[in-house]
Amino acid sequence: QNKPIRIGIIAPRGGVAGTIGECGLRGVEWTTARINAAGGIGGRKVELVIQEETSPKDTIDRFRKLVLQEKVDCVQGIVSSGVSLALAPAAEDSRMPTIFWDGTTQDGVKETMPKPKYVFRSTDNECEAVMASLLAIKHFKGKFKRIACVNPDYSYGRNTWTAFQALLKKYGIEHEVVSEQWSKIGNLDLTSNVAALKAAKPDLIFSSLLFADLPVFMKQAHNAGLTEGTRFVLPAAGWQHTAMKKEFTPEGIVWGHNTMYFDDPKASATQKEFVKWYADKYKDYPHWEADRAYFSMMVYKAGVEKALAAKKSWPTPEEICAAIPGVQVESLGGKGAMRADHIANQTFHQGLSTNKNNYDFPTLASVETMYSDQLQKPTGADFWEWLNTANFKI
Amino acid sequence: MSLALENVNVILAGNPVLRDISMHIEPGELVCLVGRNGAGKSTTFRSIMGFQPLKSGAIKWKRSAINGMQTHKIVELGLGYTPEGSDVFGDLTVEDNIALPTWTRKSGRSAQERIDEAYAVFPKLKQYLHRGGQQLSGGERKMVSIARALALDPELLLLDEAFEGLSPAIIPTISEGLQSILKQGRGVLLAESNFYHLPPFADRLYVIERGEIVFEGTLAQAEADAATMKIIKGA
Amino acid sequence: MSTNDVLLQAQQISRHYGDFIALHNVDLSVSRGEFVSVVGPNGAGKTTLVNVLTGLHQPTTGNVHFNGSNIAGVGAVDLATRGLARAFQLTSIFPELTVRETIAVSACSYLNMRWNGFGSLFGSRKVNDIVVRTADAFGLAPWLDTKGSSLPHGRRKLLDVASAFALHPKVMLLDEPTAGVSTADKHGVMETLLRAAKHMGIEAIMLVEHDMDLVSRYSTRIIAMQAGKKIADLPRDEFFANEEIISIVVGKGAH
Amino acid sequence: MAPFFNILLAGVFQAAVLFLVASGLQLIFGVQRIINLACGSIYALGAYFGIFVTSWALSKGLPVHLFPFVLLGAGIVIGLIGIPLERLIRTIYNRPESFQLLLTFAVMLMFQDVLRFFWGADPQQLPNVSMTFGILSAFGVSMPTYNVMVIAVAVSLAIGMAYFLGKTKTGKILRATAENRETSAAMGINVTRVYVMVFTLGTMLGTIGGALVIPNAAASLEMGVELVVEAFAVVVIGGLGSMKGAAVGALIVGLIRALSAMYYPEAEILAIYAIVLAVLIWKPAGLYGKAET
Amino acid sequence: MRTDTVHSAPITAPEELEFIVPPGVSRAKLIAGGLVIAALVIAPLIVSQYYMTLLIPFFAYAVILLGFNLLFGYGGLLSFGHALFIAIGAYAAAALVSKTGMVSFELMLLTAIVASTIISIPIAWLASRFTGIFFGMLTLSFGMLFHSFLNKFYYITGGDSGMRVPRPTLFGMELDQFDKTAFLGGPFYYYCLVMILLLTLVMWRIVRSPYGIHLMASRDNAVKALYLGVKIRSVRAIAFVISAVYASIGGVILGVNTGLADPELAYWTHSGHLVFMAVLGGYQEFLGPVLGAFVFILLQDELSSLTQYWRFFLGAILAILVVVLPGGIMGAVRKFKSKGEQA
Ligand SMILES: Nc1ncnc2c1ncn2[C@@H]1O[C@H](COP(=O)(O)OP(=O)(O)OP(=O)(O)O)[C@@H](O)[C@H]1O
Ligand SMILES: Nc1ncnc2c1ncn2[C@@H]1O[C@H](COP(=O)(O)OP(=O)(O)OP(=O)(O)O)[C@@H](O)[C@H]1O
Ligand SMILES: CC(C)C[C@H](N)C(=O)O
Ligand SMILES: [Mg+2]
Ligand SMILES: [Mg+2]
């Protein structure tokens, strides 16, 4: 019983999502050191086995290696939806407790993994778009009519845009779509999209571009004069917040930081400690993926310890997985929990941006938070129907 | 002595292709290397030009070894070469093909002088100045190839199968050209498999058979030697 | 000789390259039992003529009939199946195929087995027969399992021609088959060729050649070209009696 | 009408960068018959290195309006990586094409990790210096001056290359070497030097492209792998080995991307390949390519 | 008459690469083959479960490369977009399930074969006009065209998330007493083993048939081949279709193994990996590429666990192999063997 607990981590290190994986891995590094310093999980130290997330085909092999060869006790990680989709059935099948950090833009947000026993997944990726849409309505209502989007050309981009329009409709906001721009992820030359947007003269631009694509878009938009007088809704701005330099980013953007905002004045001591460690060590400010990594680890810890307390001897994977639903953890970004349907609830942070700060990139003028029970469809519901019937508090 | 091969051995894909070849060419001399197909003539030429590493032996130009040197350095020293298949640059015009050597090698004489000399041997080429190398007939290519080597202004000219594919009508012209080259004090080494193409004014003859030199002497001596004649002319 | 005996006939064929006329209104015919040589100075248009006759190039004007039908531009494969074969000025073989396999390529075309994707190639008697017979005729039998690229130069040339013969063509076009072949070997090659031709039932041969020795020894008829035009088309003896033509082709004072 | 021209101009800018990379590809292919699959990685390297040098220089007090020259310089300097790369590729000059493709594929695999090793997984960017020179505008059509400068660089390189290859002695020597290495050597050409020169020049065109695009974009690990495919589309449309082809191909691809972004966003990438296929059916060797065999 | 006047120079092997010529099967080779098959048959008893799961992708790539090499090794046509057909196989299986609900493996294979045949015919028709680098680029374009189709037409294809390929039935049997790992390492393993042996046999017949010799002739010297009556375009096109069908069969196996058909399968770098495997193993030999697939899978697996910079080392190893082993592993083995014989 004094053997370390082996936890397999699968995260992207190269390719477009490498930057997201990197932040998550750093979060895991810090979290593990902290847990081990405090005595481990149920008295056992944590040992990490890290594998890289690549294409679904190869990641499945890595996963099997963790399970069959490395004999890990739990697998955490995964950023891309495609991979999580392939991995979930495999995890169920091999009875491996598996907690996804992210990557749950699932097939138009339909539940493809009903009643999972071993797989726990993160909040829907669309949560941040729902929240950003609500904030846009709250702050910009009546100040725009012509809307346009420039989104990544895949399900995440399309879902967020559809959700935004659906909410505008739901709240009776009169609007007209004047241009829709779709850009392949990782495409860094958006000049023609910028030109097309400029030609459409929108009052508001909604963009869930990720990675470097967003800062590049903003820079090119700024240089083309597109940012003047246009309102922006950027639910995923916090994915690349440090790259969004003030010089080309106007103020007053609806700005999403997902489940952790590094500069939150109301942040917990743990978050502040983490952010400081991160800034000192990596000369950068962490984003939400570090929080997701922390959350996954803490949820697992809580589950193990809950099962252990009930049983007094080391619990089986089944018992651990049965213990996890319902646990509450204080994650870096605020409160979080695992729902009975194995879907996470976490706290989302967004707000209007300001350039009045000591950084070279915008921060939030005031932080608004929403718990994801407000943003995420309930068990078994259809996302689009739920959007229409839900009672949001704006 | 200008060019000398001393006990040259060459192995290709495990087979000895040249065995202990020794020969020499003096300034102003026309020497023919005669042998049947596959005897090793081209390999000898390629060895001299540095395309083909030696197994053993040495190749000397004015008493210093040139084997192991890079081809363009060997050319620099004054050897000019026309490959077996002509290999005219198809992408360049006839004019550029012939002018090119004057850009790559300085010889002390003016480019124009060298080019004029090359055309003097094949005046017919002036009709095609702007035709691309690709568009020439087999024989025309051969002419360009020889003219091009001449434009290098070499001290020794190595002609591999100079007459292959040339119409009999043009052979006398080339013979005359060769004579004028020799008169300028240049040496010529000519590889030939066709006995009837051997210029009567050749100074010496080497006969190569299966990679070995089996005869050295004048044309007259060769004609007197029945065994040699059998090799180069057939029964 | 009846007109039925005419196998290959070209009428007024021309080939232009931009302003340059490489072939100018040439008429010619080749009949059963003939051995026709084409001679002429370099650049006279001989290779161009063969290219047009074998469909590699379209004639700018004129047409070519083979065995009664127009073959201008029908393509090489069609020519091969109709019975017109060619060997190239520069030796052309399949470097990685053995002699056996090379000849089998033609055999499969001839026997129209080309779409058999499941039968064993050398399990077929018919293929084997052709392979062995052809190799024998060209003296290639000892090399049957040698790769083309490993053959000695002279043998390669023979293999090139042998594979064309294995198509059992009616007419064979040969573009300088002995270019680069040493004096000692030239006649050997030619005789092997002729013997094989007889053996395999080839009805007529057309040869492009500079070597007047070969031309005079084997031809029944000689066509002389100059500057894209046909300047003579004479039976052998008449041709060699014509001093004027000879001096154009061979040059003055040649041996 | 003005928006339409704005879009066209955006396309021309994309075309300019694409042309730089594609012309490097063409040059190397034209002379050495090598398709450089690593051209994308080289482009990425130029981008990363350009950011690295320029931000360093800016932090050392470089006057901002000099940054294009620093970028260009960085592109040129890092292009020298072509020298050791050529040394590696030299080992397989005599092998079939597939080996050359593979070796450059191997280089591409390695490069991704080399970039990550030095610069990490986070995309890198320059401060927003591209507006230093303001915006040029006329008749409602406008474009950042910097972009116009990049287009000018590409156009002058295009003209320069065409002149260099077509008319100068060195250009003709390069073309001769392209055709037949041995015979060129026998004509006194130092083939080794020509190859090093061509490969380095080709590499440099790529790194310059990468460096120049950077003020408008960011450097990311994926940028190279993505670009290869577009550069290939350019080359196939224009015809392998043809500089003119690279220019026209780049223009076609750039404009198509821009126009489809405006009028039919679904078609953006598909349209490029549709053109590729159409060209290949209509003109198998590309618009300016030489026919095969 | 002199039949032997043509001088015979010493027969020499060429220095350049040797291409495949259908060799006879020596007894040694038969024994080696038998041993390998026997080892594969008893593998599930002795090989660890994890490595068993790696054998499934190996089978998939073995089939893919058998087909790929008909095109590349025997036809001389280097496709840089062949992964397209792997994706078609996987998506065909997924589409069958999502449209009809049928999960029979046999039907998946059938759908994949039909789909790849239909799709490859027009591509083959076009691509057969080209050789060399043009062929490579054209196939690359088609591959990327399909890749962007998969992403753009997400309402059909699931876009980036791909389409699920659920666990299939074999001969109608559910076999749900096995969990997926046991299923893959047990019944599915043997099923695939038999299938790949059959497909190998079929390919062996093809390359030694009259058609096979015409294909090789078109590779070696197209103009000459034409004049010998080889219909090079059709010959090439057929090779393309056959290799596409093989790739799609491999794609179905991969799809089942991953449980997903995703666009990355069609991405051009995946095609690059196929070429990598073929050259690594030695495309001059009938089974070289299959060996290459085996080594590649193990290499990638080991490297990616050893270091986060595995791409670098993979690339470096590839570069070294390309430089020092022009004949791939098989070529090296053969060289070694012939040295042994000479000594
Ligand atoms: N690359 C090679 N690898 C192996 N053997 C070769 C190679 N090149 C030439 N040979 C062999 O070397 C021998 C000599 O060839 P070489 O080309 O020197 O002959 P040659 O006298 O020039 O003949 P030809 O009159 O046909 O041009 C021949 O038997 C030939 O088959
Ligand atoms: N593509 C082309 N463009 C322009 N001129 C050409 C082209 N191809 C051939 N020619 C010219 O056509 C003429 C005839 O060429 P052809 O190859 O038929 O001559 P040939 O009689 O076979 O000569 P040789 O005996 O030298 O092989 C030559 O002057 C040649 O330069
Ligand atoms: C973190 C994000 C990249 C997740 C997103 N759902 C994706 O697929 O790929
Ligand atoms: Mg020779
Ligand atoms: Mg000719």
Yes or no: region A:307-320 includes at least one residue that is assigned to a loop (DSSP other than H, G, I, E, B) and either touching a residue at least 12 places away in the same chain (Cβ under 8 Å) or more than 22 Å from residue A:41 (Cβ to Cβ) (or both). yes
What's the number of the only condition in (1) within 16 Å of ligand 1 (Cβ to nearest atom); (2) over 30 Å from residue B:102 (Cβ atoms) that residue B:227 fails to meet? (1)
Pairs returned, first residue in region D:141-159 that is under 17 Å from residue D:65 (Cα atoms), second residue that is hydroxyl-bearing (Ser, Thr, Tyr), beta-carbon separation under 6 angstrom, 6 or more apart or interchain, are D:144/D:130; D:146/D:130
Matching residues in region E:36-61 - criterion: being in contact (Cβ under 8 Å) with a residue 12 or more places away in the chain, out of contact with any Pro (no Cβ under 9 Å at 6 or more places or on another chain) and of a type in the set (Ser, Thr, Tyr): E:53
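This table checks each residue for (1) modelled with pLDDT under 90; (2) on the phi < 0 side of the Ramachandran plot; (3) more than 14 Å from chain C (Cβ to nearest Cβ).
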position: E:105; (1), (2), (3): no, yes, yes
position: E:124; (1), (2), (3): no, yes, yes
position: E:141; (1), (2), (3): yes, yes, yes
position: E:158; (1), (2), (3): yes, no, yes
position: E:194; (1), (2), (3): no, yes, yes
position: E:197; (1), (2), (3): no, yes, yes
position: E:204; (1), (2), (3): no, yes, no
position: E:217; (1), (2), (3): no, yes, no
Please go through region D:176-203 and pick out each residue that is open to solvent by 30 Å² or more (accessible area, probe 1.4 Å) and over 18 Å from residue B:105 (Cβ atoms). D:179, D:196, D:197, D:201
May I ask you to list the residues in region B:191-204 that are within 14 Å of another protein chain (Cβ to nearest Cβ) and in contact (Cβ under 8 Å) with a residue 12 or more places away in the chain? B:191, B:192, B:193, B:194, B:195, B:197, B:198, B:199, B:200
Please note which strands (runs of 3 or more DSSP E) are completely contained in region A:179-284 and include at least 3 residues that are away from chain D (no Cβ under 14 Å), open to solvent by 10 Å² or more (accessible area, probe 1.4 Å) and in contact (Cβ under 8 Å) with a residue 12 or more places away in the chain. none
Scanning region B:83-142 for residues that are facing another protein chain (nearest Cβ under 8 Å) and over 27 Å from residue C:47 (Cβ atoms), which turns out farthest from ligand 2 (Cβ to nearest atom)? B:105
Looking at (1) within 17 Å of the chain's Cα centre (by Cα); (2) within 16 Å of ligand 1 (Cβ to nearest atom); (3) more than 13 Å from chain C (Cβ to nearest Cβ), which one does residue B:180 not meet, given that it meets all the others? (2)
Tell me, yes or no, whether region D:121-142 has at least one residue that is modelled with pLDDT of 90 or more, within 23 Å of the chain's Cα centre (by Cα) and of a type in the set (Val, Ile, Thr). no
For residue C:193, the lone unmet condition from (1) within 11 Å of the chain's Cα centre (by Cα); (2) more than 16 Å from ligand 1 (Cβ to nearest atom); (3) assigned by TED's automatic domain parsing to the domain that holds residue C:112 is (3)
Checking the condition within 24 Å of residue E:33 (Cβ to Cβ), aliphatic (A, V, I, L, M) and touching a residue at least 24 places away in the same chain (Cβ under 8 Å), which residue from E:198, E:193 passes? E:193
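Matching residues to (1) over 13 Å from the mean Cα position of the chain (by Cα); (2) of a type in the set (Ser, Thr, Tyr); (3) outside any loop (DSSP other than H, G, I, E, B):
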{"position": "D:14", "(1), (2), (3)": "no, no, yes"}
{"position": "D:21", "(1), (2), (3)": "no, no, yes"}
{"position": "D:37", "(1), (2), (3)": "no, no, no"}
{"position": "D:47", "(1), (2), (3)": "no, no, yes"}
{"position": "D:50", "(1), (2), (3)": "yes, no, yes"}
{"position": "D:69", "(1), (2), (3)": "yes, no, yes"}
{"position": "D:81", "(1), (2), (3)": "yes, no, yes"}
{"position": "D:90", "(1), (2), (3)": "yes, no, yes"}
Return the pair list, or none, for Cβ contacts closer than 7 Å from residues in region B:148-159 that are assigned to a strand (DSSP E or B) to residues that are charged (D, E, K, R), at least 6 apart or on different chains. B:156/B:186; B:157/B:186
All positions within region B:14-36 that are in contact (Cβ under 8 Å) with a residue 40 or more places away in the chain, within 14 Å of chain C (Cβ to nearest Cβ) and part of a loop (DSSP other than H, G, I, E, B): B:35, B:36
Which of the numbered conditions does residue B:46 fail, given that it passes all the others? Conditions: (1) assigned to a helix (DSSP H, G or I); (2) of a type outside the set (Gly, Ala, Ser); (3) more than 18 Å from the chain's Cα centre (by Cα). (3)
Odd one out for residue B:117, checked against (1) under 23 Å from residue D:181 (Cα atoms); (2) open to solvent by less than 60 Å² (accessible area, probe 1.4 Å); (3) modelled with pLDDT under 90: (1)
Go over the candidates E:254, E:298 one by one and state the one that is open to solvent by 40 Å² or more (accessible area, probe 1.4 Å) and away from chain D (no Cβ under 14 Å). E:298
Quick one: would you say residue B:122 is farther than 28 Å from residue C:22 by Cβ and away from ligand 3 (no atom under 16 Å from the Cβ)? no
Candidate set from region C:29-49 (those that are more than 8 Å from ligand 2 (Cβ to nearest atom) and open to solvent by less than 10 Å² (accessible area, probe 1.4 Å)); member that is farthest from residue C:201 (Cα to Cα): C:39
How about region D:167-255: which helices (runs of 4 or more DSSP H) wholly inside it have at least 1 residues that are under 30 Å from residue B:50 (Cα atoms) and away from chain B (no Cβ under 14 Å)? D:191-213
If a residue counts only when it is within 14 Å of chain B (Cβ to nearest Cβ) and within 16 Å of ligand 4 (Cβ to nearest atom), which helices (runs of 4 or more DSSP H) contained entirely in region C:29-126 have at least 1 such residues? none
Inside region C:62-100, can you point out the residues that are more than 16 Å from ligand 2 (Cβ to nearest atom), hydroxyl-bearing (Ser, Thr, Tyr) and open to solvent by 40 Å² or more (accessible area, probe 1.4 Å)? C:69, C:81
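The values are calculated or read from the model by the stated rules, or taken from the named source; none is laboratory data. Keep in mind that what you see is a predicted model, and the values were worked out from it rather than measured. When we count neighbours, we look across all protein chains shown, and the Cβ atoms used for this are built from the backbone with ideal geometry, even at glycine. Remember, those area values only see protein heavy atoms, side chains included, never the ligands or the DNA or RNA. Shrake-Rupley method; radii C 1.70, N 1.55, O 1.52, S 1.80 Å.
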